[in-house]
Structures are given as C-alpha cells and as structure tokens.
Amino acid sequence: MRTVTTLDELRTARFALKGTVGLVPTMGFLHEGHLSLIRQAKAECEHVVVSIFVNPTQFGPSEDLSKYPRDLERDLSLIEPLGVDFVWTPTAEGMYPTGYQTWVEVEALTHPLEGAKRPGHFKGVTTVVAKLFNGVQPHKAYFGQKDAQQAAVIRQMTRDLNFPLEVVVCPIVREADGLAMSSRNKYLEGAHRQAALVLFRALSAAKDLYETGGRDAEKIRAKMREVIEAEPLAQLQYVSCANYDTLDELDVVQGKTLLSMAVFIGKTRLIDNFVLG
Ligand code: PAF
C-alpha cells in the first residue's frame with residue numbers, strides 16, 4: 001500500500017483512480033472505530049483513500065498537541081489488510097505553509113457544546129476538512145457519530161460550500177463494556193478505565209428515562225448529571241439534550257434528539273452520545 005505526502009504526489013495518485021472514491025479522514029492512532037469507517041467506505045466505493053494528519057489548528061493552546069498519540073507504522077499495518085488504495089500523510093508545513101491565511105468557519109452550529117468548551121476547534125476542523133476534500137476530491141467522505149457535533153458541522157459546511165460529495169456518518173463503535181472507542185482511551189488505566197464507563201451509564205440511564213415516557217429534557221439532563229457526579233474520578237464538563245440537527249437545547253424531547261456529554265476522567269477528556277427518536 002502506498003503512502004503519499006506532498007500535494008503533487010497526492011494529485012498523481014488520485015487522478016490515477018477511476019470510479020468512485022471514498023475518503024476517510026483521520027488523525028491516526030487508529031482503533032476499531034476508524035477501521036469500521038474504512039470498511040464501510042470499501043463496501044460503498046470503488047476506491048478508498050485514508051488521510052492521517054494530526055491537524056495542529058484544531059488544538060487549543062491548553063490542549064497538548066505534542067502529546068496526541070501517534071504511531072504511523074502501526075496505523076499502516078492496521079490499514080494494509082483492508083485494501084485501501086493509498087494513505088495521504090500530509091505534513092503541517094505542507095498544509096499550512098508560511099503565510100497561510102485562509103480559514104473556513106461554520107457559525108451557529110459551532111457555538112454550543114464542544115465549540116463552547118474548545119474555542120477555535122471547529123474552525124481548525126472545517127478548514128482542514130475542506131483542504132482534505134479539495135485535495136482528494138472524494139465522492140463520499142466518512143466520519144464517526146462519536147464526534148456528533150463535528151459530523152453536523154461538516155455536513156453543514158459541505159452543503160454551504162457546495163462540495164460535490166456525500167458526508168456519511170457511521171455508528172459509534174464501543175468496547176464490550178460500552179466505552180466508546182477513542183484514541184484518548186490509551187490514557188485510561190486501572191481505576192480510570194473503570195470510571196470511564198460512567199459516560200455510557202449516564203447515557204443509558206437517560207435513555208431508560210426516555211423509553212419509560214420521560215420527555216422533560218431538564219429531567220433527562222439532571223439524570224445524566226446525577227450519574228456522572230456519583231463517580232469520584234469523573235469531572236463533568238457538560239451534558240446536553242438537544243435537537244439533533246440544530247443542537248439547540250430542548251425543553252421537551254421531540255423528534256430526533258442528541259444526548260451528549262464531555263467528562264474529564266482524571267486528565268483525560270472523553271465525549272460520548274446517544275441519539276433518541
Ligand atoms: O475526527 C477527526 O479525527 C478529526 O477531527 C478530522 C475530521 C480528521 C479532522 O482533523
């Protein structure tokens with residue numbers, strides 16, 4: 001399997017592909033969640049391109065870009081058996097050369113939830129995803145539901161900027177005990193790994209409430225808070241019960257609804273979500 005780095009190499013490799021192309025953008029340190037995106041792309045497209053790029057512009061000043069886990073060799077060995085056409089591994093200098101000054105920003109959808117806690121994050125995400133789309137020119141691009149707001153923001157950007165491609169959002173892949181797969185799970189050991197299950201427990205408790213007829217969104221948020229606050233190693237950042245499309249917080253649950261949360265387990269920040277309705 002080939003890897004390409006520069007834009008020239010990318011263009012040559014890309015335009016040698018005839019037929020439909022699926023792109024799976026990643027920041028590497030791949031897990032089963034990423035592999036499920038690649039498998040779905042393989043099932044739906046004649047060719048598949050994976051990008052691996054730890055995008056510096058989506059990390060805030062207090063978020064440690066240099067500590068983000070990386071292991072390119074391991075990533076390539078996981079991708080190899082899946083029959084990907086090639087992997088694009090751009091460099092930071094290639095993506096953002098000296099003098100770089102163009103940004104893509106989605107407005108209202110990026111204001112709540114992750115956007116409120118991680119200022120500038122989505123501006124970095126949408127800018128790099130637009131550049132990945134322009135570079136690869138895929139017919140379909142695959143993202144995980146785990147980053148629910150990211151998926152919504154990328155769908156919005158794709159519509160607003162007329163990118164001629166379909167955004168495909170694939171289900172969350174979980175460990176057997178319910179923990180959503182994430183590259184950051186690597187930091188969870190012993191008691192912290194156990195405590196991390198509190199996100200799944202809180203979402204499950206909220207879903208139970210909904211399934212027994214609960215429609216008061218504040219009661220659903222309170223239930224999630226109560227479960228998280230009972231876990232001594234957890235520190236809640238936010239819980240949300242919002243309209244799936246607009247991400248506006250609800251008073252009454254109606255239609256497709258996103259339950260989501262961000263929780264620190266020790267120093268590791270985890271997010272998770274369930275969709276209702
Ligand atoms: O979800 C991710 O891994 C990243 O945010 C993405 C979409 C690859 C952009 O850097």
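I need the fraction of alpha carbon pairs in the range 47-119 separated by more than 13 Å, rounded to a whole percent. Each step should come with its number before you reach the end.
Numbers: 1997 of 2628 pairs.
So the portion of pairs separated by more than 13 Å is 76 percent.
Give me the distance in nm between label points sitting 7 Å out from Cα along the Cα-to-Cβ direction at THR212 and HIS192, one decimal.
3.5 nm
Grab the other residues whose beta carbon is less than 13 angstrom from that of LYS267, score K and R as +1, D and E as -1, and report the net.
Values: positive: LYS67, ARG184, LYS186, ARG269; negative: GLU63, ASP64, GLU189.
In short, +1.
Once you have the Kirkwood Rh of the range 79-168 from its Cα pairs, apply Stokes-Einstein at 37 °C and 0.692 mPa s and quote D in µm²/s.
228 µm²/s
Of the residues GLY60, GLY144, GLY213, which exhibits the maximal mean-square fluctuation in a Gaussian network model of the chain defined by a 10 Å Cα contact cut-off?
Residue with maximal mean-square fluctuation among GLY60, GLY144, GLY213: GLY213.
Taking only Cα atoms and a 10 Å spring cutoff, compute GNM fluctuations for the chain and point out the largest among SER62, SER77, SER51.
SER62
Among LEU35, SER51, LEU17, whose Cα sits farthest toward the positive end of the charge dipole of the range 1-95 (+1 at Cβ of Lys/Arg, -1 at Cβ of Asp/Glu, about the Cα centre)?
LEU17
What are the residues whose amide H is under 5 Å from the amide H of SER51, where those residues sit 5 or more places off or on another chain and H is modelled from the backbone?
Sorted by chain and number, the residues that satisfy this are VAL24, THR26, TRP88.
Taking 2.2 N^0.38 Å as the expected size of a compact globular protein, what ratio does the Cα radius of gyration of the range 180-277 give against it, to two decimals?
With N residues counted in the range 180-277, Rg over 2.2 N^0.38 Å equals 1.06.
Find the centroid of the Cα atoms in the range 220-277 and in the range 151-189, then give the distance between the two in whole Å.
16 Å
Please report the equivalent ellipsoid semi-axes of the range 1-86, computed as sqrt(5 x eigenvalue) of the Cα gyration tensor, largest first, in whole Å.
24, 16, 12
To test your reading of the geometry: what angle, between 0 and 90 degrees and rounded to tens, separates the Cα axis of helix 32-44 from the longest principal axis of the chain?
Approximately 60 degrees, to the nearest 10.
Taking the Cα-to-Cβ direction at SER204 and at GLU105 and moving 7 Å from each Cα, how far apart do the two end points lie in nm?
Distance between label points: 4.2 nm.
What does the charge count near ASP245 come to, summing +1 for each Lys or Arg and -1 for each Asp or Glu among other residues with Cβ under 11 Å from its Cβ?
+1
Which whole-number percentage describes the relative contact order of the chain, with Cα contacts under 8 Å and a sequence gap of 6 or more? Can you show the working numbers first?
Numbers: 476 pairs, mean separation 46.1, N = 277.
With pairs under 8 Å counted, the relative contact order is 17 percent.
Please list, or write none, the lysines whose alpha carbon is within less than 20 Å of the alpha carbon of LYS207, excluding same-chain residues fewer than 8 places away.
LYS146, LYS219, LYS223, LYS256
Å³ per residue of the Cα convex hull, for the range 123-216?
Working: hull volume 14.5 nm³, N = 94.
So the per-residue Cα hull volume is 155 Å³.
Please report Rg (one decimal) and Dmax (integer) in Å for the Cα set of the range 73-229.
Just the Cα atoms of the range 73-229 yield Rg and Dmax of 18.9, 57 Å.
Taking springs between alpha-carbon atoms closer than 10 angstrom, which of VAL252, VAL50, VAL169 fluctuates most in the Gaussian network model of the chain?
VAL252
Restricting the calculation to Cα positions, tell me the Rg (one decimal) and the Dmax (whole number) of the chain in Å.
19.0, 57
Restricting to DSSP loop positions (anything but H, G, I, E, B) with no more than 15 other Cβ atoms inside 10 Å of their own Cβ, which trypsin sites (Lys or Arg not before Pro) remain in the range 13-70?
On the way: sites: ARG14, LYS18, ARG39, LYS42, LYS67, ARG70; in loops: LYS18, ARG70.
In loop regions of the range 13-70 (DSSP not H, G, I, E or B), the sparsely surrounded trypsin sites (Lys or Arg not before Pro) are LYS18, ARG70.
Calculate the spin-label point distance for TYR68 paired with GLU175, positioning each point 7 Å from the Cα along the beta-carbon direction, and give it in nanometres.
That separation, rounded to one decimal, is 2.3 nm.
Note down the net charge around VAL21, summing +1 for each Lys or Arg and -1 for each Asp or Glu among other residues with Cβ under 10 Å from its Cβ.
Every neighbour counted, the sum reads +1.
Run through the DSSP bridge list for the chain and note the antiparallel percent, rounded to the nearest 5. All intermediate terms of the calculation are to be shown ahead of the outcome.
Working: 21 of 40 bridges.
Counting only bridges with both partners in the chain, antiparallel ones make up about 50 percent.
Using Cα atoms only, what is the angle between the long axis of helix 198-211 and the major principal axis of the chain, expressed in degrees (0 to 90) to the nearest 10?
So the inclination is approximately 70 degrees.
Rounded to two decimal places and with Rh computed the Kirkwood way over Cα pairs, what is Rg over Rh for the range 231-277?
Taking Rg over the Kirkwood Rh, I get 1.07.
For the range 10-150, compute the orientation-averaged projected area of the C-alpha convex hull (one quarter of its surface), in nm².
Reported value for the Cα convex hull: 9.0 nm².
No lab work stands behind these numbers, since they all come straight from the coordinates. Predicted model only: the values in this text are computed from it and were never measured. Quick reminder, even Gly has a Cβ in these numbers, built from the backbone with ideal geometry, and neighbours come from all protein chains shown.
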